[in-house]
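So the structure is just underneath, and the comments pick up after that.
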Amino acid sequence: MPKKDASSPALDEHTAAHVAELFRSFSDTSRVRILSVLIEREVNVGSLATLVGISESAISHHLRSLRQLGLVQTRRDGKEIYYRVEDAHLIALFREGVKHVQYG
């Protein structure tokens, strides 16, 4: 990645706002735990609630936020909706964050 010198401009406001929003999605432990599951496999709300250990309504609330940010994708199978994370950049960023915390 090229280095910026002192005369390089800062990020534009639009880009900075989107980056801040992305990192804000990592600011809640429940959302981080939800993302950790969805990065590994596709699941429905009920299974996600069991895996993460919080209520289905709380899962739905967090999923709504994650979907609005475009971080989570869905697939409908009959009445069930399955959630997953497909964005390779998001997955890499998430995994790097986990590695940073676990291994320094």
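The values are calculated or read from the model by the stated rules, or taken from the named source; none is laboratory data. Here the structure is a predicted model, which is why all the values come from computation and not from measurement. Counting neighbours? That spans all protein chains shown, and the Cβs are built from the backbone with ideal geometry, glycine included.
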Condition first: of a type outside the set (Lys, Arg), exposed (fewer than 14 other Cβ atoms within 10 Å of the Cβ), under 16 Å from Glu42 (Cβ atoms) and in contact (Cβ under 8 Å) with a residue 24 or more places away in the chain. Can you find one or more residues in region 57-79 that meet it? no
In this structure, does Arg31 turn out to be touching a Phe, Trp or Tyr at 6+ places or on another chain (Cβ under 8 Å) and either more than 19 Å from Leu93 (Cα to Cα) or in a helix (DSSP H, G or I) (or both)? no
Mind listing whichever residues of region 35-73 are assigned to a loop (DSSP other than H, G, I, E, B), under 12 Å from Glu86 (Cα atoms) and not hydrophobic (A, V, I, L, M, F, W, C)? Arg41, Glu42, Gly70
For region 74-93 the number of residues that are of a type in the set (D, E, K, R) and either closer than 15 Å to Arg33 by Cβ or assigned to a strand (DSSP E or B) (or both) is 5
Does Leu51 qualify as being within 10 Å of the chain's Cα centre (by Cα), surrounded by 12 or more Cβ atoms within 10 Å (Cβ to Cβ) and at pLDDT 95 or above? no
